[in-house]
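Taken together, the values in this text are just the output of simple stated rules run on the coordinates, not laboratory data. Quick caveat: nothing in here was measured; it's all calculated off a predicted structure. As a convention, Cβ positions derive from the backbone with ideal geometry for all residues, glycine included, and neighbour counts pool all protein chains shown.
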Amino acid sequence: MNKSEEVEYCNLELRFDRRHIQDLIKELIQDGYSLYWSENEAQFVISIRTGRKLVKLRFQRIGSGYKLVGDYMIRDPKLAEWMEKLIEDTRGHAVVKRFKDRQILIENILFGEVIRLVEITGYRQRVLYQKGTPMTEQEMDRLFESKEGEHRLLLCRLETDDELERLHKAMQSGNEKAIAKCKKRLHELSMELFRLEW
């Protein structure tokens, strides 16, 4: 990563348990960061000093675990690398924007993997990479002009709910083959949802 880069992490969906957060704190201290943390019933906050800046990572309590929430602008290359490794290790979702000179690179990450990479220079936008079969411009225009997009989104959400129910039943019965099949289908559905909502 170029040292002049600024990186913004948005729409984060990373999940942790308490022990994992404690391991993250140890890791950051070992990497030489000055930090402190606080906690209440709703959230766990880790405040990391990077030069003159303070980055506050907010972990919202959900059930017995935590979810990293908020948007973060990071100018420290080492901390940005650490954040990216965190997204990959937790198989999380995120939108990562890299600002350099007059150019922005936007990565859409799903399950820890880049599924779309877009470069924006001035008013020009160019898709550098897209996993799966991308829709043509005409298909996208037709989708936005009609109600088909909303209909497909609704159907996709309903199918996701049904698939989650099937996964729950398969996990209760211990059917490994059915579990793997459900997970594969859920991965496909989440990518489809991501494309439709984007």
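Simple point charges give the picture: +1 on the Cβ of Lys and Arg, -1 on the Cβ of Asp and Glu, and for the chain a dipole about the Cα centre of about 500 debye.
Over the chain, with a single point scatterer placed on each C-alpha, what log10 of the ratio I(q)/I(0) does the Debye formula yield at q = 0.12 1/Å? The Debye formula, applied to the Cα set alone, gives -0.77. With a/c under 1.5 counting as rounded, go ahead and sort the range 1-114 into rounded, prolate or oblate using the C-alpha gyration tensor (a ≥ b ≥ c being the square roots of the eigenvalues; past the cut-off, prolate if a/b is larger than b/c, else oblate). It is oblate, given that a/c is not under 1.5 and a/b is not larger than b/c. Among Lys169, Lys26, Lys177, which one shows the highest mean-square fluctuation when the chain is modelled as a Gaussian network with alpha-carbon springs under 10 Å? With Cα springs under 10 Å in the chain, the top fluctuation among Lys169, Lys26, Lys177 is at Lys177.
Across the chain, the relative contact order, built from alpha-carbon pairs under 8 Å that are at least six residues apart, equals 17 percent. The amide H of Gly70, built 1.01 Å from its N in the peptide plane, has Leu12 as neighbours under 5 Å, considering only residues 5 or more places off or on other chains.
Computed from backbone phi with θ = phi - 60° and the Karplus coefficients 6.51, -1.76 and 1.60, the 3J(HN,Hα) list for the range 72-80 is 10, 9, 10, 10, 8, x, 5, 5, 5 Hz; x is used for glycine and proline.
Counting other Cβ atoms within 10 Å as a rough exposure proxy, the listed residues Phe194, Phe44 run Phe194, Phe44 from fewest neighbours to most. For the listed residue pairs Lys26/Lys183; Lys131/Lys184; Lys26/Lys169; Lys131/Lys181; Lys85/Lys184; Lys53/Lys85, the alpha carbons are over 27 angstrom apart in Lys26/Lys183; Lys26/Lys169. Here is the tail figure for the range 70-124: Cα pairs spaced more than 19 Å apart come to 31 percent of all pairs.
Compute the signed sum of charges (Lys and Arg +1, Asp and Glu -1) over the other residues within less than 14 Å, Cβ to Cβ, of Thr90. Within the 14 Å Cβ shell, the charges total -3. With kT/(6 pi eta Rh) evaluated at 4 °C and eta = 1.567 mPa s, and Rh the Kirkwood radius from Cα pairs, the range 38-84 diffuses with a coefficient of 111 µm²/s according to Stokes-Einstein. Estimated from helical segments only, the mean residue ellipticity of the chain at 222 nm is -14000 deg cm²/dmol, where each DSSP H run of four or more residues counts as -39500 (n - 2.57). Between the range 44-67 and the range 91-123, the C-alpha centres lie 22 angstrom from each other. Compare Ser47, Ser34, Ser64 in a GNM of the chain, Cα atoms joined below 10 Å, and give the one with the largest fluctuation. For the chain, modelled as a Gaussian network with Cα springs under 10 Å, the answer is Ser64.
For Tyr129, the residues whose amide H sits under 5 Å from its own are Leu117, ignoring neighbours fewer than 5 places away on the same chain, with H placed 1.01 Å from N.
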